[in-house]
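The values are calculated or read from the model by the stated rules, or taken from the named source; none is laboratory data. The model shown is predicted, which means the values in this text are computed figures rather than measured ones. Neighbour counts are summed over all protein chains in view; Cβ atoms, including those assigned to glycine, are modelled from backbone coordinates with ideal geometry. The accessibility values were calculated without ligands, DNA or RNA, using every heavy atom of the protein model including side chains. Shrake-Rupley method; radii C 1.70, N 1.55, O 1.52, S 1.80 Å.
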Amino acid sequence: MMDQDQKWEDFLIPYNQAVEELKIKLKGIRKEFSKGNRHIPIEFVTGRVKPVNSIIGKAALRNIPFDKLDTEMQDIAGLRIMCQFVEDIHEVVRLLRNRNDIKIIEERDYITNKKESGYRSYHVVFEYPVQLINGEKRILVEIQVRTLAMNFWATIEHSLNYKYQGEFPDAINVRLKRAAEAAFQLDEEMSQIREEIQEAQQLFSHSKRTTINETSKKH
């Protein structure tokens, strides 16, 4: 058992490293926009490495042998980028495409082409080089880019999926789809007044910085 645990721990080292490195890089992009006094397309970033029991379960479901996990399972290392507006999602994807430290393998647009459940998000799968003591290892990473409204719905749906094991009662299914449309409608309404919101946020940020500077001078 100990040997098996150590085997998994060793296997997941590059994935943990990739998630931590990418979180720092993505947060760096956010700071760049902030310093330039521009609208920040990234609201916040989260990341995780898939738990071993989830990897085993998915591998069994899809008949993926252990020695093929690194090439056939795309989401062992996963990050989520949350955005305020749908337009921000497209800006983030553009930024990812322009990076030279990743090689995009696949893009899945579940915003234009929502899933049957109502799920919306934009998935980008890419190769990322991790520097280890024995050399470079290129691993697959998945980034999901979504609005706060999309993320709220997806979080609730995930919890219900865990409870019902994917077999939702009809009434829940109907309400989930209705909620997904309501969340998307919210995103569309926010997009209509996006410029007003961004201007208000910039005024608020400027006012906050001025107050902090004035307070610092007094002390």
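Stretch residue 5-residue 203 to full length: gain in nm at 0.36 nm per residue minus the Cα-Cα span?
Between residue 5 and residue 203, full extension yields an extra 66.0 nm.
Determine the per residue accessible area of the chain with all protein chains present and a 1.4 angstrom probe, expressed in square angstrom.
That works out to 63 Å² for each residue.
Could you list the trypsin sites (Lys or Arg not before Pro) in segment 15-51 that lie in coil according to DSSP, counting only those with at most 14 other Cβ atoms within 10 Å of their Cβ?
Listed in order of number, the matching sites are 38.
List every DSSP H helix in the chain whose Cα atoms extend 30 Å or more along the helix's own long axis and whose mean Kyte-Doolittle hydropathy is at least -1.0.
Counting only whole DSSP H runs, the qualifying helices are 2-35, 170-192.
Please identify which residues in segment 115-153 have an amide N closer than 16 Å to a label point set 7 Å out from the Cα of residue 101, following the Cα→Cβ vector.
Residues 126-132, 136-143 fall inside that zone.
Quick one: which of 127-133, 12-18, 181-187 comes out on top by average Cβ neighbours within 10 Å, and what's the full order, highest first?
Packing order, densest peptide first, comes out as 12-18, 181-187, 127-133.
Ranked from highest to lowest mean number of other Cβ atoms within 10 Å per residue, what is the order of the peptides 173-180, 53-60?
173-180, 53-60
Of 58/137; 25/68; 7/31, which ones are farther than 31 Å apart at the Cα?
7/31
With a 1.4 Å probe and all protein chains left in place, how much of the accessible area of segment 63-161 comes from carbon and sulfur atoms, in whole percent?
On segment 63-161, the fraction of accessible area on carbon and sulfur atoms equals 48 percent.
Which whole-Hz ³J(HN,Hα) couplings does segment 102-110 yield from phi under the Karplus relation 6.51 cos²θ - 1.76 cosθ + 1.60, θ = phi - 60°, glycine and proline marked x?
Result, ordered by residue: 9, 10, 5, 9, 7, 10, 10, 9, 8 Hz.
Enumerate by residue number the GluC sites (Glu not before Pro) in segment 78-123 meeting two conditions: DSSP loop (anything except H, G, I, E, B), and at most 13 other Cβ atoms within 10 Å of the site's Cβ.
Here the sparse-neighbourhood loop sites are 116.
Going by Cα centres, segment 116-163 and segment 1-76 are how many Å apart?
8
Starting from the Cα of residue 50, draw a straight line to each of the aspartates and glutamates and keep only those under 19 Å, dropping any in the same chain fewer than 8 residues away.
5, 9, 10, 20, 21, 67, 70, 72, 75, 127, 142, 157
Charges on Cβ only, +1 for Lys and Arg, -1 for Asp and Glu, centred on the Cα centroid of the chain; of 17, 52, 63, which one is farthest towards the dipole's positive end?
The Cα lying farthest towards the positive end belongs to 17.
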